[in-house]
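Engineer: What follows is a single structure, and I will ask about it in a moment.
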Amino acid sequence: MENLHDKRKVYEKSQLIESEIKQNPIEQFRDWFLEASENPNISEANAMAVSTVEEDGCPRTRMVLLKEYTFEGFIFYTNYDSRKGKSIENTHKACLHFFWPNLERQIIIKANLERIAENLSDGYFHSRPKGSQLGAVVSPQSQEIPNKEYLEQKLKQLEKEYENSEIPRPENWGGYIAKPYEIEFWQGRPNRLHDRIIYQLIDDLDWKISRLAP
Ligand SMILES: Cc1cc2nc3c(=O)[nH]c(=O)nc-3n(C[C@H](O)[C@H](O)[C@H](O)COP(=O)(O)O)c2cc1C
Ligand SMILES: Cc1ncc(COP(=O)(O)O)c(CN)c1O
């Protein structure tokens, strides 16, 4: 069909060296995340790929929006009965991936996942625009639906129903916190000799920092 052999870029914008990195990977994440957020060429710095392993042993990846990060972990919101929800309930694990092409950087995070407390999910749910709240109520995420009109009709009905009242958060919609145990920071370099620094959690306390070959 099409040969892409000559499609390649030289990465040369920055470097990642031990003397300049943070000892804690969340602080390192914050440095890189703030830089990405402030970059006018990156429209959704908080968009990340989330991979989960499904029952056939194959990982499946989709984008979600990171909504909060703390020293404890990374929080995103979704439908607990979705495909990702089901695989998280089975494995309690996921891999989060950020790629910011303009910075020539990627971050790969392996984590244990838990649902966040219901009151926190309530708080976030009600902070969303009403249309998005209704969207979450209307959509049986990842289920087969008969057609597009099915959602549009349900939305119209609910718009009337909740015109003057608060929309309750669906029980199956809420947040997950991904508590990291391994975080790799990757900075593109010339000659494909990229910088890779990996933090691995030891004893639930300390992070071991190593350099990996590109
Ligand atoms: C940039 C971007 C951000 C997204 N953010 C979310 C999100 O925060 N939560 C969510 O449930 N789906 C989000 N989606 C939709 C998901 O990619 C996905 O289609 C949906 O969650 C169903 O995934 P699943 O069937 O694998 O569970 C986003 C899609 C894109 C492209
Ligand atoms: C289905 C779905 N759920 C949730 C989100 C998260 O975004 P927000 O909570 O800001 O609406 C998105 C963002 N694209 C989405 O597509």
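Engineer: Against the definition (more than 12 Å from ligand 1 (Cβ to nearest atom) and in contact (Cβ under 8 Å) with a residue 12 or more places away in the chain), how does Arg115 come out, yes or no?
Structural biologist: In short, yes.
Engineer: Looking at Ile167, Ile145, which is the one that is more than 23 Å from Ser87 (Cα to Cα), touching a Leu at 6+ places or on another chain (Cβ under 7 Å) and free of Cβ contacts under 8 Å to residues at least 60 places away in the same chain?
Structural biologist: None of the other options fit; the residue is Ile167.
Engineer: Scan the range 85-107 for residues that are of a type in the set (Asp, Glu) and farther than 19 Å from Glu171 by Cα and jot them down.
Structural biologist: Glu104
Engineer: Every residue in the range 39-79 that is within 13 Å of ligand 2 (Cβ to nearest atom), out of contact with any Phe, Trp or Tyr (no Cβ under 7 Å at 6 or more places or on another chain) and more than 19 Å from Lys110 (Cα to Cα), please.
Structural biologist: Ser43, Glu44
Engineer: Output the qualifying pairs, or none if there are none: Cβ atoms under 8 angstrom, residues six or more apart or on different chains, first residue in the range 7-26 and touching a residue at least 12 places away in the same chain (Cβ under 8 Å), second residue surrounded by 15 or more Cβ atoms within 10 Å (Cβ to Cβ) and assigned to a helix (DSSP H, G or I).
Structural biologist: As it stands, the answer is Lys13/Leu103; Ser14/Leu103; Ile21/Gln28, since those pairs meet every condition given.
Engineer: Examine the range 9-27 for a residue that is within 15 Å of ligand 1 (Cβ to nearest atom) and either modelled with pLDDT of 95 or more or assigned to a strand (DSSP E or B) (or both), and state whether such a residue exists.
Structural biologist: So far as the range 9-27 goes, no, none of its residues is within 15 Å of ligand 1 (Cβ to nearest atom) and either modelled with pLDDT of 95 or more or assigned to a strand (DSSP E or B) (or both).
Engineer: If the requirement is being over 24 Å from the mean Cα position of the chain (by Cα) and within 22 Å of Arg62 (Cα to Cα), which of these qualifies: Lys148, Lys156, Lys179?
Structural biologist: Lys148
Engineer: For Lys67, all conditions in the list (1) within 13 Å of ligand 1 (Cβ to nearest atom); (2) in contact with a His (Cβ under 9 Å, 6 or more places away or on another chain); (3) of a type in the set (D, E, K, R) hold save one; what is the number of the exception?
Structural biologist: In the conditions (1) within 13 Å of ligand 1 (Cβ to nearest atom); (2) in contact with a His (Cβ under 9 Å, 6 or more places away or on another chain); (3) of a type in the set (D, E, K, R), Lys67 misses (2) alone.
Engineer: Give Arg115, Arg62 a once-over and let me know the one that is under 19 Å from Ala47 (Cα atoms) and either out of contact with any helix residue (DSSP H, G or I) (no Cβ under 6 Å at 6 or more places or on another chain) or surrounded by fewer than 16 Cβ atoms within 10 Å (Cβ to Cβ) (or both).
Structural biologist: Arg62
Engineer: Please identify the pairs in which a residue from the range 119-130 that is closer than 10 Å to Arg169 by Cα has its Cβ atom under 7 Å from the Cβ atom of a residue that is of a type outside the set (Asp, Glu) and assigned to a helix (DSSP H, G or I), counting only partners at least 6 apart or on another chain.
Structural biologist: Within 7 Å, the pairs are Phe125/Gln133.
Engineer: Condition first: away from ligand 2 (no atom under 12 Å from the Cβ), of a type in the set (Asp, Glu) and touching a residue at least 12 places away in the same chain (Cβ under 8 Å). Can you find one or more residues in the range 157-164 that meet it?
Structural biologist: yes
Engineer: Please verify whether Met1 is of a type in the set (A, V, I, L, M, F, W, C), within 16 Å of ligand 2 (Cβ to nearest atom) and not in a helix (DSSP H, G or I), treating the condition exactly as stated.
Structural biologist: no
Engineer: With respect to Ser43, is the statement that it is part of a loop (DSSP other than H, G, I, E, B), hydroxyl-bearing (Ser, Thr, Tyr) and either at pLDDT 95 or above or surrounded by 11 or more Cβ atoms within 10 Å (Cβ to Cβ) (or both) true?
Structural biologist: For Ser43, the condition - part of a loop (DSSP other than H, G, I, E, B), hydroxyl-bearing (Ser, Thr, Tyr) and either at pLDDT 95 or above or surrounded by 11 or more Cβ atoms within 10 Å (Cβ to Cβ) (or both) - is met.
Engineer: Would you check which residues across the range 181-214 are part of a strand (DSSP E or B) and either under 30 Å from Glu118 (Cβ atoms) or modelled with pLDDT under 95 (or both) and list them?
Structural biologist: Result: Tyr181, Glu182, Ile183, Leu201.
The values are calculated or read from the model by the stated rules, or taken from the named source; none is laboratory data. Values in this document were obtained by computation on a predicted structure and should not be read as measured data. Cβ: placed from backbone, ideal geometry, glycine included. Neighbour counts: every protein chain shown.
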